[in-house]
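Comments concern the structure below.
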Amino acid sequence: MNFDDVQNIAYLGPAASFTEMAKDVFCDKYSIKANPVPMLTIKQVVEYVDQNPGSLGVMPVENSIEGTVCESFDSLMRTKNPNVRFLAETIMPINHCLLARTTEIYSIANIISHPQALAQCREFIHNEMPLNMNIIEAASTAEAARSLQNYNLTYAAIGSQKTADVYMLNVLKENINDDKSNRTRFVLIGDYETAATGRDKTSLAFAVDNKPGALLRVLEVFMKNSINLSYIVSRPSKQKFGEYVFFVAFDGHISSPHLLHTIEEVRSRSTFMRFFGSFER
């Protein structure tokens, strides 16, 4: 992919967020020289890319513990430009730390962080922190760390070592995530074409009639064409109660005639379908 003309790349910020680190990985790999544009929410990242042709965005889509980052898929579904899609992915290890302005861990009575980070450290909070801990949700782990300057010394945040360095916080305890193999998948999004690499995956969303066998008829298409589904998750359509959109990922690139034929067959059996991109695994 050639990103020489990209001027801006949006990401879930502020500085030192895990998404900023993923952004740096993409910029290094694809020689992207764009100006970084930190955003407060994933929705804002997607809207920025949607409204600014030629820009890129970076956002989390899946965590090995908590699963799908629903805001990412829901936001991408609502873009006015249907060509905003996944261009690349990277999987990063997540090592959460307990951060504070104080050095006394036993004085902490409040913890601030992104909901996913809080969920990934649930056992640590329950077993190693005082009972009746006050939990406060923030838009990102970095925003939680930055906000500590507005609170007294009984407040702590969950974030990375880099977050501690940037916001001059003390690391009270390292590696507090419950699963030490905790990893998050981040994607690069934009309105660009990708070339086949030989080790690609394709992602799309579809909806079916709310009647028996409708979903099975679509899934049979993948089985009949010997295509491996590596991911499937459902989300409410947000249009009518009880209606769902299914997000899937599978092996192959849309440039393959065999895969293109499969996608067209899926389209014929669906009430709605949106292509989310083919990109290197």
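Of all residues in the range 136-147, those that are within 11 Å of Leu12 (Cβ to Cβ) have Cβ atoms under 6 Å from Cβ atoms of residues that are of a type in the set (S, T, N, Q) and assigned to a helix (DSSP H, G or I), 6 or more apart or on another chain, in Ala142/Thr163. Tell me, which residue of the range 47-72 that is small (Gly, Ala, Ser) and part of a loop (DSSP other than H, G, I, E, B) is farthest from Val233 (Cα to Cα)? Only one residue tops the list, namely Gly54.
Of the set (1) within 21 Å of the chain's Cα centre (by Cα); (2) among the hydrophobic types (A, V, I, L, M, F, W, C); (3) under 21 Å from Ala109 (Cα atoms), all apply to Ala164 but (1).
Just to verify a result, which residue in the range 134-150, among those that are under 18 Å from the mean Cα position of the chain (by Cα) and not hydrophobic (A, V, I, L, M, F, W, C), is surrounded by the fewest Cβ atoms within 10 Å (Cβ to Cβ)? Checking each candidate, the answer is Glu137.
Inside the range 245-279, residues that are in a strand (DSSP E or B) and either of a type in the set (Gly, Ala, Ser) or out of contact with any Leu (no Cβ under 9 Å at 6 or more places or on another chain) (or both) make up a count of 5. Each residue in the range 75-108 was checked for being surrounded by fewer than 23 Cβ atoms within 10 Å (Cβ to Cβ), at pLDDT 95 or above and among the small types (Gly, Ala, Ser), and 1 of them qualify. Is there any pair with a first residue in the range 251-274 that is on the phi > 0 side of the Ramachandran plot and a second that is surrounded by 18 or more Cβ atoms within 10 Å (Cβ to Cβ) whose Cβ atoms are under 6 Å apart and which are 6 or more apart or on different chains, and what are they? Once the first residue is on the phi > 0 side of the Ramachandran plot and sits in the range 251-274, its partners that are surrounded by 18 or more Cβ atoms within 10 Å (Cβ to Cβ) give Gly252/Thr202; Gly252/Leu259.
The values are calculated or read from the model by the stated rules, or taken from the named source; none is laboratory data. Source: prediction; values computed, not measured. Virtual Cβ from ideal backbone geometry, glycine too; neighbours counted across all protein chains shown.
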